[in-house]
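Below is one structure, written out as structure tokens; the observations come after it.
The values are calculated or read from the model by the stated rules, or taken from the named source; none is laboratory data. Quick caveat: nothing in here was measured; it's all calculated off a predicted structure. Heads up: the accessible areas ignore ligands, DNA and RNA and are worked out on the full protein's heavy atoms, side chains in. Shrake-Rupley method; radii C 1.70, N 1.55, O 1.52, S 1.80 Å.
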Amino acid sequence: MRTVTVLPGRRSYRIKIGPGLLARLGQECAELRLGSRCAIISDTNVRPRFGDTAQRALAQAGFQPVVITVPAGERAKNLKTVEACYNKLAAQRLERKSFIVALGGGVVGDLAGFVAGSYLRGIPFIQVPTTLLAQVDSSVGGKVGVNLKAGKNLVGAFYQPLLVVCDLATLSTLPMREYRAGLAEVIKYGIISDAKLFQRLERDLPKLLAREPGTLAAIVARCCEIKAHVVEQDETETGLRAILNFGHTTGHALEAISHYGQYLHGEAISIGQVAAARLSAKVLGLPQIDVERIRSLFERAGLPIGLKLSAAQRLQLMAAMSLDKKVSAGVIKFVLARRIGEVKFGLTVPEALLRQTLANTLPPSLPHSITPTSHLHHVRR
Ligand SMILES: NC(=O)c1ccc[n+]([C@@H]2O[C@H](COP(=O)([O-])OP(=O)(O)OC[C@H]3O[C@@H](n4cnc5c(N)ncnc54)[C@H](O)[C@@H]3O)[C@@H](O)[C@H]2O)c1
Ligand SMILES: [Zn+2]
């Protein structure tokens, strides 16, 4: 088992990483001096697979777990589901020392974390992420929240878990498409802060795609370390944390103009990171060979690296980019790479250069093949 310690602000907590950890969840929680009542919040895909193991592990350690199941998918990450969870917690008489276990992907983690952070003004919370994206990204850093009709993650808080348990064995049932989407964040960590990790990904990608346990353990742990390190220095996102958004300005805009239906987040930011690499070459002199290495790694991971857009869609994309949360005073701020492993944040890019780069990364479709926004086509080269 690998352990990564996170030290945000006043409190520290551990991320434990290894295969089969779910069966030890009770022992891990027993070390935290929690009350005996607890609620496992999970979704309709994860509960049938891992709910019983989690419940048994907690019961064997003397806890009294109840399970709350929410619908799977992003659409359930809303205030209605939050209220339904509050009502179930109250009906089960969970009190201040009771705790919540989030068992699932990023949707469950964000939602259950928000419930934990607000029920009775906050009760303890344990993350048990079961997607690659949740293990390397959303379960680390303490951002919790839900979506509004007006946009994603518009309501939320910073609320840290007491413990994160990454059972790598849970990833074995994750659909390949979801797994690849998680790899887009993994590759991001290499680009933003660790050239050696990037090299290792280039070398070990086949093992990683095969979910080989040893490789997976080392890489998940390294990604958690990087995210933890960034978050420790900038818990509430006033500066450095921006580097985690490499490729996300374009990625978020792509998700928005395709109405969040076409792309998984990881797929959108794969395209976004390739675009950001090309922009980095122009603005910060990222060597062309590194742009190519970045493009090639995403491609080998089976992720989309470009997109055919009509002129109208490209305009929509630019408009969506200026609506992104990371825009301040109307200026889009970019995170760009100087070399693999080193990025700068808070950069502005002349609009003409941005248009030109997007035109290359996202080539226009032929006049006769203009597609509706909801049917954007990947470009795989
Ligand atoms: N808090 C943060 O810092 C942060 C960071 C990044 C993303 N997020 C949020 O995370 C969410 C995306 O997370 P996600 O990609 O994990 O999505 P998700 O939670 O929707 O999980 C993806 C799908 O896989 C299923 N699933 C989960 N684990 C499984 C398993 N082991 N086997 C089989 N199926 C499984 C889920 O039911 C779902 O259908 C978004 O809402 C995003 O806003 C938050
Ligand atoms: Zn992301």
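Using a probe of 1.4 Å, the accessible surface attributed to SER258 totals some 0 Å² when neighbouring protein chains are kept in position. For MET1, the solvent-accessible surface with a 1.4 Å probe is about 130 Å², rounded to the nearest 10. Solvent exposure of the chain amounts to 42 Å² per residue of accessible area, where only protein heavy atoms count and the probe is 1.4 Å.
Between the helical axis of 106-118 and the longest alpha-carbon principal axis of the chain there is an angle of about 50 degrees.
For the chain, modelled as a GNM whose springs connect Cα atoms under 10 angstrom apart, the maximal fluctuation among ARG14, ARG49, ARG241 occurs at ARG49.
In terms of its C-alpha gyration tensor, the stretch 185-319 comes out prolate, because a/c is 1.5 or above and the ratio a/b outweighs b/c. Just to confirm the number: angle between the C-alpha axis of helix 351-361 and the first principal axis of the chain, 0 to 90 degrees, nearest 10? The helix 351-361 is inclined about 80 degrees to the chain. Can you tell me which of LEU347, LEU297, LEU89 moves the most in a GNM of the chain? Springs connect C-alpha atoms under 10 Å apart. Among LEU347, LEU297, LEU89, the largest mean-square fluctuation in the Gaussian network model of the chain belongs to LEU347.
Over the chain, with every protein chain in place, what whole percent of the accessible area is carbon and sulfur at 1.4 Å, could you tell me? Reported share for carbon and sulfur atoms: 53 percent. Taking the chain as a Gaussian network, where each spring joins two C-alpha atoms under 10 Å apart, which residue of LEU353, LEU323, LEU197 fluctuates the most? Highest fluctuation of the listed residues: LEU353. For every helix of n ≥ 4 consecutive DSSP H residues, a contribution of -39,500 (n - 2.57) applies; sum these over the chain, divide by its total residues, and give [θ] at 222 nm rounded to the nearest 500 deg cm²/dmol. About -13500 deg cm²/dmol.
Cross-link pairs exceeding 31 Å between alpha carbons, from the set LYS188/LYS282; LYS16/LYS149; LYS152/LYS207; LYS149/LYS227; LYS152/LYS196: LYS16/LYS149; LYS152/LYS207; LYS152/LYS196. Taking the inverse of the mean 1/r over every pair of distinct Cα atoms in the chain gives a Kirkwood hydrodynamic radius of 21.2 Å. Please state the shape class of the stretch 1-134: rounded when a/c is under 1.5, otherwise prolate if a/b exceeds b/c and oblate if not, all from the C-alpha gyration tensor. It is rounded, given that a/c, with a ≥ b ≥ c, falls under 1.5.
Work out, step by step, the length gained on full extension between LEU284 and GLN60: first 0.36 nm times the residue separation, then minus their alpha carbon distance; give nm to one decimal.
This chain segment gains 75.1 nm when fully extended.
For the stretch 1-71, the share of alpha carbon pairs falling in successive 5 Å distance bins from zero is 4, 15, 21, 22, 20, 14, 4, 0 percent.
Principal-axis analysis of the Cα atoms of the chain puts helix 195-209 at an angle of about 70° to the longest axis. Remark on the stretch 243-325: Rg and Dmax equal 12.5, 35 Å (Cα only).
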